[in-house]
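These notes are about the structure you will find just below.
The values are calculated or read from the model by the stated rules, or taken from the named source; none is laboratory data. As the structure is a prediction and not an experimental result, all values here were calculated from the model. Because the Cβ atoms are built from the backbone with ideal geometry, glycine has one as well, and the counts that use them run over all protein chains shown. Ligands, DNA and RNA are excluded from the accessible area calculation, which covers all protein heavy atoms including side chains. Shrake-Rupley method; radii C 1.70, N 1.55, O 1.52, S 1.80 Å.
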Amino acid sequence: MTSASPADEDLRTRLLRVAATMTVADGWSKMTMSRLADEAGVSRQSVYNTFGSKPALAQALVMSELSVFLGKVVDAFEGSGGDPVKAVHDAALGVLLLSRKSPLLRAAVAGSHGANSELLPLLTTDNEQLLATAKRVVTDGMLRFQLPLDRAQLDIGVDVIVRTVLSHVIQPSSTPEKTATGIAWVASAVLHWAE
């Protein structure tokens, strides 16, 4: 697979931005490759050449939104001052606060205008790529610290944290602050147990 040229990356970014705007306004079910092409001012073939299919566009849209959320995770780990529990807390809090502000995420989760037809499963039941990417970023962050965990234990801990945060993104049960504090408490308990 060859990497995209800068011109292709610009087209991809523009198409994703237009697709997100259309999804928030009208719902995913009304999104068609033809409508996207018209709105973006490109040919339908250009849209197909960029994404291949509507399901592939849905996956790209979700992964593009995920990259914004993972930016919060990276920032939290970089600003943790060497404290892994603070990093987990701040990462969870950043993601949970951002999830409340993301129109695309809210449209997918709420199923508004039929937006859940292909997007919601990419966040819930068919989310292998999303989970793998998020776990890789959190694992990279945790590896900055001297932890009393072996790699298998770290992988389990990261899996639990990522799945818990995602669960609260999809269906919050408390405020972002309380949820982040609870997730940090679990991380702290695991780290103390492993010492």
Q) Among the residues of the range 134-163, which ones are among the polar types (S, T, N, Q) and surrounded by 16 or more Cβ atoms within 10 Å (Cβ to Cβ)? A) Thr139
Q | Set Val24, Val18, Val73: member being open to solvent by 50 Å² or more (accessible area, probe 1.4 Å), under 29 Å from Val162 (Cα atoms) and touching a helix residue (DSSP H, G or I) at 6+ places or on another chain (Cβ under 8 Å) | A | Val24
Q. Which condition breaks for Val137 when tested against (1) more than 12 Å from the chain's Cα centre (by Cα); (2) at pLDDT 90 or above; (3) not basic (Lys, Arg)?
A. (1)
Q.
For the range 147-163: of the residues being of a type outside the set (Gly, Ala, Ser) and without any contact (Cβ under 8 Å) to a residue 24 or more places away in the chain, which is nearest to Arg100 (Cα to Cα)?
A. Val158
(Q) Residue under question is Val74, and the condition is that it be out of contact with any Lys or Arg (no Cβ under 7 Å at 6 or more places or on another chain), of a type in the set (Val, Ile, Thr) and at pLDDT 95 or above; does it hold? (A) yes
Q) Quick check: is even one residue across the range 30-49 closer than 30 Å to Val138 by Cα, out of contact with any Cys (no Cβ under 9 Å at 6 or more places or on another chain) and crowded, with 17+ Cβ neighbours inside 10 Å? A) no
Q: Scan the range 21-38 and report the pairs whose first residue is farther than 13 Å from Leu57 by Cβ and whose second residue is in a loop (DSSP other than H, G, I, E, B) and open to solvent by 50 Å² or more (accessible area, probe 1.4 Å), with Cβ atoms within less than 6 Å and a gap of 6+ or a chain change.
A: none
Q. If you check every pair at least six apart or on different chains, which have Cβ atoms under 6 Å apart with a residue in the range 131-146 that is in contact (Cβ under 8 Å) with a residue 24 or more places away in the chain first and a residue that is in a helix (DSSP H, G or I) and of a type in the set (Phe, Trp, Tyr) second?
A. Gly141/Phe77
